[in-house]
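Reviewing the structure listed below.
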Amino acid sequence: GDLDKVVNLLLSLSGRLARVETALGSLGPHAPAEDKVALREKQRLLVAQLEDAKELKEHVGRREEAVGAMVARYLPTEQLQDYQHFIKMKSALITEQRELEEKIKLGQEQLRCLRESL
């Protein structure tokens, strides 16, 4: 459960950072300086939060290893392999799902910006 939450946090922060960077890139040379400053500050905060989330993921990874070692003592080899595969696939699928959701959001936002610029 904690791994799911951390992965979701990482992907959410990554998506938000990508949107801020897209917004920064789409600002024209005549955009108000306040807008640029606000977006750069938001970018700075998101980068810091993303680094914190990466540290949290490392902590969860270490805890996951400790739990895995404890489970290994009680499960037969075949069941342990099934458990390890389940954990690995669950994490990978959650990551892939969130990445796709973020790409869809980013694409929709870019499409909206293109429509507005026309």
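The values are calculated or read from the model by the stated rules, or taken from the named source; none is laboratory data. Note that the structure is predicted; figures quoted are calculated from it, not measured. Neighbour counts run over all protein chains shown; Cβ positions are idealised from the backbone, glycine included. Areas reflect the complete protein model, heavy atoms only, side chains present, ligands, DNA and RNA absent. Shrake-Rupley method; radii C 1.70, N 1.55, O 1.52, S 1.80 Å.
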Percent accessible area from carbon and sulfur atoms, the chain, protein chains only, probe 1.4 Å: 57 percent
Shape of region 65-118, Cα gyration tensor, a/c cut at 1.5: prolate
Local electrostatic count, T95, Cβ distance below 14 Å [Lys/Arg +1, Asp/Glu -1]: +2
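What is the extension gain from A69 to S12, computed as 0.36 nm multiplied by their sequence separation minus the C-alpha to C-alpha distance, in nm to one decimal? Don't skip to the end; give the middle numbers.
Numbers: separation 57, 0.36 × 57 = 20.52 nm, distance 3.02 nm.
Additional length available on full extension: 17.5 nm.
Can you tell me the relative contact order of the chain? Whole percent, Cα pairs under 8 Å, sequence separation 6 or more. Working shown, then result.
On the way: 51 pairs, mean separation 53.1, N = 118.
Computed value for the chain: 45 percent relative contact order.
Just the number please: accessible area per residue for the chain, 1.4 Å probe, all protein chains included, in Å².
Working: 8770 Å² over 118 residues.
Here the per-residue accessible area is 74 Å².
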Max mean-square fluctuation residue, GNM over the chain, Cα-Cα springs under 10 Å, options R16, R98, R44: R44
Set of lysines with alpha-carbon distance to K5 below 28 Å, sequence-local pairs under 8 removed: K42, K54, K57, K88, K90, K103, K105
Degrees between helix 2-26 axis and first principal axis of the chain (Cα, 0 to 90, nearest 10): 20 degrees
Given charges at Cβ of Lys, Arg, Asp, Glu: region 3-118 dipole, positive-most of L93, L24, A72: L24
